[in-house]
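Asks: A single structure is presented below for examination.
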Amino acid sequence: MTELVVTGYASMDYVVALNGFVQVDKTTLVSHRDSTAWPRLGGCVSYVSVAAALAGHRVTPISWVGSDRDADAFRDGLNKLNISTAGIHRQSDSASPVAMLIYQADGSCSCLFDRAFSGTEILAPTQLDAIGRADHLCMTAGPGHLMEPILNARKPSAKLYWVLKNDVSCFTPQICERLSSEADVIFGNRAESHMIDGLTSQSTTIVTTNGTAGVDIYTGGLHIETKVNYVETNDPTGAGDTFAGGYIGALIGGGTTQKQAAKIAANSVSQLLMSRANSNEG
C-alpha cells in the first residue's frame, strides 16, 4: 500500500546566479551555473517527495510530463533517488514543464515557469488508483482543474496535507475553502497565510515558516515557536517544500511531536542547502 502520495506540477529547473541585475536591452553576466545540475529536478511535488522518501517512506508523486528530454530527465531524477515514477503521466507530443530561476546580485529571484499543458492534464487510471489507496495525501501547486477530482478520489481515512502557494490558478478561493476545512496539516510562509485567514478550525495544524526567524506551529489552540538553524545559501529554491516533506515524513513515522517534526524538517532543509553549497564550491 502506498504510504504517501504527493500531487503537483513537475519541473526541470534551469538555475543561474548573476553578478548584477537584469536590465532591459542590456547584457548581464552569469556568475554561476552548476553544470552538473543543468537542469536539475524541481517542482514542489519533487521536493516534498524527496524529503519524505529520505525519511524512509514509500512515496508516489503524481505529476505530468511531456515527451521530450526534460520528461526523461525528470523521471530519471526520481528513479536515481529510488522514488516511484508510476504516477508520472506522459502527455503525448508535448513539451514538459520547466522553470528558469534567475538569482540576482542582491539575492532576489525571478522565476519564469512554463506549465507546458495549459489545462490539458488528466488523471490517468494509475494516478487515480494511487490516490485512492494512499494513507497520506499531500497536495502542492498543480493543475487547478484537477484539485477537486484529486480530493474526491482520496479515501476518507487518508491524512491530508496542503502546501500553500500564492497562485490562484492552482488554488481558487473555493478550493482554498475546501482544503482549509479538510486538511490535517497546512504548510506555508507569512506571505501565503492570507490564503487561509478565517477558514481553518482548531483541529487543523498550521505550520508557518519564517526563514531564519524560525517556525510557528498552531495546533489544538496552542502556539508553538521553534527556532531553527539553516545553512546560508544564495539559492534557497525548494526549501519550504523540503521542510514540508521532512515534516510529513516525521509525522508518518509516528511517535513524533509537532516540535520534533519541525526540527527534523529543518534538518532536511539544511541537508538540501548544504549539498548546493558544496556543489558551488566544487
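The values are calculated or read from the model by the stated rules, or taken from the named source; none is laboratory data. Keep in mind that what you see is a predicted model, and the values were worked out from it rather than measured. FYI the Cβ positions are ideal-geometry reconstructions off the backbone, even for glycines, and counts take in every protein chain you see.
Asks: Using beta carbons and a limit of 8 Å, which pairs, at least six apart or on different chains, have the first residue in region 219-248 and touching a residue at least 40 places away in the same chain (Cβ under 8 Å) and the second one part of a strand (DSSP E or B) and hydroxyl-bearing (S, T, Y)?
Replies: N234/Y103; D235/Y103; G240/T209; F243/T209; A244/Y161; I248/Y161
Each row is one residue, and each column tells you yes or no for (1) touching an Asp or Glu at 6+ places or on another chain (Cβ under 8 Å); (2) free of Cβ contacts under 8 Å to residues at least 60 places away in the same chain; (3) of a type in the set (V, I, T); (4) assigned to a helix (DSSP H, G or I).
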position	(1), (2), (3), (4)
L137	no, no, no, no
E148	no, yes, no, yes
W162	no, yes, no, no
S169	no, yes, no, no
L179	no, yes, no, yes
F187	no, no, no, no
M195	no, yes, no, yes
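Asks: Filtering region 37-46 down to residues that are under 15 Å from A17 (Cα atoms) and of a type outside the set (G, A, S), which residue is surrounded by the fewest Cβ atoms within 10 Å (Cβ to Cβ)?
Replies: Here the residue is W38.
Asks: For residues that are hydroxyl-bearing (S, T, Y) and in a loop (DSSP other than H, G, I, E, B), scanning just region 233-282, find the one that is surrounded by the fewest Cβ atoms within 10 Å (Cβ to Cβ).
Replies: Result: T257.
Asks: Okay, next question. Could you list all residues from region 17-47 that are touching a residue at least 12 places away in the same chain (Cβ under 8 Å), closer than 30 Å to Q91 by Cα and not in a strand (DSSP E or B)?
Replies: R33, D34, T36, A37, W38, P39, G43, C44, V45, S46, Y47 - these are the residues of region 17-47 that are touching a residue at least 12 places away in the same chain (Cβ under 8 Å), closer than 30 Å to Q91 by Cα and not in a strand (DSSP E or B).
Asks: Only one of Y14, Y9 is touching a residue at least 60 places away in the same chain (Cβ under 8 Å), aromatic (F, W, Y) and part of a loop (DSSP other than H, G, I, E, B). Can you tell me which?
Replies: From the options Y14, Y9, the qualifying one is Y9.
Asks: Mind listing just one residue for me: the one in region 215-230 that is buried (at least 16 other Cβ atoms within 10 Å of the Cβ) and within 25 Å of D106 (Cα to Cα) and, of those, modelled with the lowest pLDDT?
Replies: It comes out as Y230.
Asks: Mind counting the residues in region 20-40 that are under 28 Å from G8 (Cβ atoms), aliphatic (A, V, I, L, M) and touching a strand residue (DSSP E or B) at 6+ places or on another chain (Cβ under 7 Å)?
Replies: Summing the residues that are under 28 Å from G8 (Cβ atoms), aliphatic (A, V, I, L, M) and touching a strand residue (DSSP E or B) at 6+ places or on another chain (Cβ under 7 Å) in region 20-40 gives 1.
Asks: Tally the residues that are among the polar types (S, T, N, Q), under 23 Å from L273 (Cα atoms) and either over 21 Å from the mean Cα position of the chain (by Cα) or surrounded by 11 or more Cβ atoms within 10 Å (Cβ to Cβ) (or both), restricting the search to region 197-214.
Replies: Of the residues in that region, 3 qualify.
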